[in-house]
Structures are given as structure tokens and as C-alpha cells.
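Undergrad: Let me begin by handing over the structure; questions about it come next.
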Amino acid sequence: MTISQAAGNVCTVSALNTKKQQTANSVESEVIYLPNTDCAIKSQASLSAFTSYRVGGEAQLYVSPRNVEALQASLKYAKERDLKVTTLGAGSNLLVSDGGISGLVIATRHLRFSNFDPQTGQLTVAAGESIPSLAWAAAELGWEGLEWAVGIPGTAGGAVVMNAGAHNRCIADMLVSAQVLSPDGTLETLTPDQLGYSYRTSSLQGGDRIVTQATLQLAPGADPAAVVAITKQHKKHRLSTQPYNFPSCGSVFRNPKPYSAGWLIEQTGLKGYQIGGAQVALLHANFIVNRGGAKASDIFCLIRHIQHQVQERWSINLEPEVKIIGEFQGACG
Ligand SMILES: Cc1cc2nc3c(=O)[nH]c(=O)nc-3n(C[C@H](O)[C@H](O)[C@H](O)COP(=O)(O)OP(=O)(O)OC[C@H]3O[C@@H](n4cnc5c(N)ncnc54)[C@H](O)[C@@H]3O)c2cc1C
């Protein structure tokens with residue numbers, strides 16, 4: 001038996017490439033469709049709703065394909081127009097500048113599919129599937145292996161790229177293979193040893209390949225109630241130790257082993273320090289939270305301030321884990 005889910009409508013073939021749309025203020029604007037699909041390319045799309053920080057300017061162009069063919073068409077569209085491509089998962093590890101992103105932003109959130117194969121114990125998922133949803137789905141089936149991931153609010157694709165991890169586990173530990181799409185439109189299946197994994201790092205970071213799908217090795221056959229209970233414990237622990245009540249990107253800095261970034265920041269006296277609407281979280285000093293109305297530049301300048309202070313006090317360079325995208329030059333005066 002194979003248990004599969006596919007969410008959302010698949011982009012279908014459409015004869016239309018452009019059509020006029022009536023906007024709220026009655027000014028006609030042009031919606032561009034990817035050739036031969038019904039995927040709309042939006043211009044000047046606000047990204048703040050698509051990042052967990054709830055900040056950031058507009059994408060010059062934005063598309064959210066629902067299948068690999070539409071993703072390939074998106075890349076072709078960008079290539080033909082010499083547009084820079086930026087890939088967006090759930091935006092839970094991104095700081096997008098107030099000035100936004102030029103070129104084409106390709107969001108993977110609508111690439112949806114998941115397949116639990118009891119014969120192999122493998123879970124194959126499309127890049128846009130939500131990691132917490134997968135953790136709960138696996139737990140409810142009695143499949144062990146993803147309990148640790150329940151508090152990571154990203155997509156499967158983002159987790160493969162970031163080598164997301166918690167509770168001493170990470171995606172690289174269980175990844176069987178990842179399917180990636182190159183800018184020329186070719187698909188390739190890669191194993192973890194081809195992905196250069198280490199702590200929160202992979203060779204996919206900063207590159208131009210897009211993860212379309214991942215296969216994870218899990219362990220079926222456990223008591224679902226027991227796996228759900230462990231998953232709940234992890235979630236509870238996260239909620240009590242990390243500030244989930246304000247927008248954030250999770251941990252801002254990598255831990256400079258043997259230290260934890262949070263400890264260094266706290267010892268530097270920066271807990272609660274605030275620039276504009278951005279604050280070093282009181283509950284966990286490696287989180288910067290948006291207390292309301294923060295601009296991307298507030299968060300960026302707080303990151304730089306923390307780095308400067310920690311460098312002064314400890315001679316340690318804190319390296320951001322969060323991906324900083326767009327123009328911040330001159331943001332901090
Ligand atoms: C409250 C909170 C708690 C968190 N806790 C943790 C934690 O415990 N452990 C942890 O590791 N992280 C944690 N994070 C950070 C974040 O959730 C992870 O890094 C996550 O894996 C990012 O996935 P995403 O889909 O949101 O990626 P995004 O933030 O959208 O993107 C991250 C990077 O990956 C690239 N990318 C995304 N998808 C693809 C794709 N399909 N193909 C190619 N490139 C892609 C982007 O271009 C970007 O460079 C937390 C974040 C929050 C807000």
C-alpha cells in the first residue's frame with residue numbers, strides 16, 4: 001500500500017499568455033502567464049507575507065509554480081530575459097531587504113506531493129511540503145524519524161538546502177536523495193554525499209539549483225500514539241524555550257562551536273536590545289523578533305550591532321545562519 005497526497009490544482013495548459021486584470025482602484029494592469037501554463041507571473045509582489053519575519057519589499061516578478069513543468073517554464077522565462085532567479089521556500093530563514101528583490105522570485109510553496117511507502121519506509125515529498133505537517137503526518141502513521149523537526153516552520157526543499165536540524169538530528173541524517181533542477185532545465189537526483197553536508201550547510205546554498213523533491217528514510221511500524229507523544233513533547237519544549245509568539249527566522253547566527261551563539265549574545269548583555277521594531281528576544285538571545293512594525297533594515301542593523309558587540313567582547317565572529325537577500329548598503333547610517 002502506498003499512501004499519497006497531492007495538494008492544490010496542477011497548473012494546466014493555457015492558450016493565454018497575458019490578460020488584462022481589473023484592479024481594486026479600476027486601473028487595468030497586465031498579468032503575465034508563463035507560456036503554455038496557467039501560472040501567473042505577478043509584478044511588484046510584496047514579499048512580507050511570504051517571510052516569517054513579516055518584513056521585506058517587493059519582488060520585481062513573482063511566480064509560484066505547482067509542478068515541475070511549470071517550474072521549468074519559470075526558469076526558461078527567466079533565462080530568455082536574463083533575469084536573476086531567487087528561490088523562496090516558506091521564507092522562514094530569510095531576511096529580504098526593504099527594497100525588495102530584482103529579477104524573478106520563484107516560490108516553491110505550491111509544489112505539493114507526499115508519498116509514504118511502507119515497503120521501503122521512505123517518505124518522498126515535493127519541495128513545497130511543510131516540514132511540521134510532514135512530522136505530524138509521519139507521527140500519526142506511527143513512522144519514527146521526524147519527531148525532532150516539528151518546530152521547524154520551513155518547506156522540505158528549504159530543509160534540504162539548509163540542512164535543517166534540531167535536537168541533535170538534521171535532514172542530512174535521513175536524506176536518501178534529493179531531486180534538483182538546474183537553470184538549463186535538467187533534473188538530477190543527488191545523494192547526501194553529493195550535497196556537501198555539514199552543520200546547517202549544503203553545497204546547494206548560494207547556488208542556482210532548485211530542489212524539487214526529497215526522499216527521507218523513516219522507520220514505520222511504531223505505535224502512532226507513542227510517536228505523536230514524542231512529537232508533542234518536542235513541540236512543547238520548543239514553545240517554552242523559543243519565542244514563537246513574534247515573527248522571527250529562528251536562530252539568527254550559527255553556533256560558533258564550542259559556544260552557543262545565544263549564550264554569547266546573552267553574556268554580552270544584549271537580551272532585549274532593540275533597534276526600531278527589531279528586538280533581541282528575551283526568551284532566547286539567538287532570536288531577533290519583530291515586535292511589530294519592524295523594517296528589514298532594523299533587523300539587519302541589529303544583526304550588525306550584535307556581531308560588532310560580540311566581536312569586541314569575545315573576539316568571535318558570529319556568522320549569520322539567516323540568508324540575507326537584497327540591498328542593505330547604507331541601511332545602518
Ligand atoms: C520560529 C522558527 C524556528 C526555527 N527553528 C529552526 C530549527 O530548529 N532548526 C533549523 O535548522 N532551522 C530553524 N528555523 C529556520 C528555518 O525554518 C529553516 O532554515 C528552514 O529549513 C528554512 O526552510 P524554508 O522553506 O523556509 O526556506 P527559505 O527560508 O525560504 O529559504 C532558505 C534558503 O534556502 C533556499 N531555498 C529554499 N527552498 C529552496 C528550494 N526548493 N531549492 C533551492 N533553494 C531553496 C532559499 O533561496 C534560501 O537561500 C526556524 C525558523 C523559525 C521562524
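Undergrad: Identify the residue in the stretch 89-100 that is of a type in the set (S, T, N, Q) and within 10 Å of the ligand (Cβ to nearest atom) and, among all such residues, is surrounded by the most Cβ atoms within 10 Å (Cβ to Cβ).
TA: 93
Undergrad: Of the residues 189, 215, only one is more than 10 Å from the ligand (Cβ to nearest atom), closer than 28 Å to residue 73 by Cβ, of a type outside the set (Lys, Arg) and loosely packed, with under 14 Cβ neighbours inside 10 Å; which?
TA: It is 189.
Undergrad: State all residues of the stretch 93-103 that are out of contact with any Cys (no Cβ under 6 Å at 6 or more places or on another chain) and not in a strand (DSSP E or B); if no residue qualifies, say none.
TA: Across the stretch 93-103, the qualifying residues are 97, 98, 99, 100.
Undergrad: Limited to the stretch 245-264, what total is found for residues that are away from the ligand (no atom under 12 Å from the Cβ) and either polar (S, T, N, Q) or in a loop (DSSP other than H, G, I, E, B) (or both)?
TA: Of the residues in that region, 5 qualify.
Undergrad: Please work out if residue 297 is among the hydroxyl-bearing types (Ser, Thr, Tyr), in a loop (DSSP other than H, G, I, E, B) and modelled with pLDDT of 95 or more.
TA: Considered against the rule, which asks whether it is among the hydroxyl-bearing types (Ser, Thr, Tyr), in a loop (DSSP other than H, G, I, E, B) and modelled with pLDDT of 95 or more, residue 297 comes out as no.
Undergrad: Does the stretch 114-130 include one or more residues that are in a helix (DSSP H, G or I), within 11 Å of the ligand (Cβ to nearest atom) and assigned by TED's automatic domain parsing to the domain that holds residue 213? Don't jump to the end; show me each part of the working.
TA: Just the residues of the stretch 114-130 that are in a helix (DSSP H, G or I), to begin with: none.
No, the stretch 114-130 contains no residue that is in a helix (DSSP H, G or I), within 11 Å of the ligand (Cβ to nearest atom) and assigned by TED's automatic domain parsing to the domain that holds residue 213.
Undergrad: Scan the stretch 139-161 and give yes if some residue there is small (Gly, Ala, Ser), more than 13 Å from the ligand (Cβ to nearest atom) and within 30 Å of residue 41 (Cβ to Cβ), otherwise no.
TA: The answer is no, given that none of the residues of the stretch 139-161 is small (Gly, Ala, Ser), more than 13 Å from the ligand (Cβ to nearest atom) and within 30 Å of residue 41 (Cβ to Cβ).
Undergrad: Considering (1) crowded, with 21+ Cβ neighbours inside 10 Å; (2) out of contact with any Lys or Arg (no Cβ under 7 Å at 6 or more places or on another chain); (3) assigned to a loop (DSSP other than H, G, I, E, B); (4) at pLDDT 95 or above, say which one residue 37 fails and leave the rest.
TA: Only one criterion in (1) crowded, with 21+ Cβ neighbours inside 10 Å; (2) out of contact with any Lys or Arg (no Cβ under 7 Å at 6 or more places or on another chain); (3) assigned to a loop (DSSP other than H, G, I, E, B); (4) at pLDDT 95 or above is unmet by residue 37, namely (4).
Undergrad: Here is a further query. Conditions: (1) under 23 Å from residue 329 (Cβ atoms); (2) crowded, with 20+ Cβ neighbours inside 10 Å. Residue 103 meets all but one. Number of the miss?
TA: (2)
Undergrad: Pull up the stretch 265-277, narrow it to residues that are among the aliphatic types (A, V, I, L, M) and outside any loop (DSSP other than H, G, I, E, B), then point me to the one that is nearest to the ligand (Cβ to nearest atom). Before the answer, list the steps.
TA: Restricting attention to the stretch 265-277, the residues satisfying the condition of being among the aliphatic types (A, V, I, L, M) are 265, 270, 275.
Now narrow it down to the ones that are outside any loop (DSSP other than H, G, I, E, B): 265, 275.
Values: 265: 16, 275: 19 Å.
By that ranking, first place goes to 265.
Undergrad: Take the residues of the stretch 58-88 that are of a type in the set (Gly, Ala, Ser) and within 16 Å of the ligand (Cβ to nearest atom): which is surrounded by the fewest Cβ atoms within 10 Å (Cβ to Cβ)? Please lay out each step first, then the result.
TA: Taking the stretch 58-88 first, the residues of a type in the set (Gly, Ala, Ser) are 59, 64, 70, 73-74, 78.
Checking the rest, the ones that are also within 16 Å of the ligand (Cβ to nearest atom) come to 59, 64, 70, 74, 78.
Details: 59: 27, 64: 24, 70: 22, 74: 26, 78: 20.
Looking at the filtered set, the residue picked out is 78.
Undergrad: Mind telling me which of the residues 176, 180 ends up being assigned by TED's automatic domain parsing to the domain that holds residue 147 and within 13 Å of the ligand (Cβ to nearest atom)?
TA: Going through 176, 180 in turn, the sole match is 180.
Undergrad: Is there any pair with a first residue in the stretch 71-87 that is within 15 Å of residue 45 (Cβ to Cβ) and a second that is more than 16 Å from the ligand (Cβ to nearest atom) and in a helix (DSSP H, G or I) whose Cβ atoms are under 8 Å apart and which are 6 or more apart or on different chains, and what are they?
TA: Here the result reads 83/77, each pair linking the stretch 71-87 to a residue that is more than 16 Å from the ligand (Cβ to nearest atom) and in a helix (DSSP H, G or I).
The values are calculated or read from the model by the stated rules, or taken from the named source; none is laboratory data. Note that this is a predicted model, so its numbers are computed, not measured. Cβ atoms come from the backbone with ideal geometry, glycine included; neighbour counts cover every protein chain shown.
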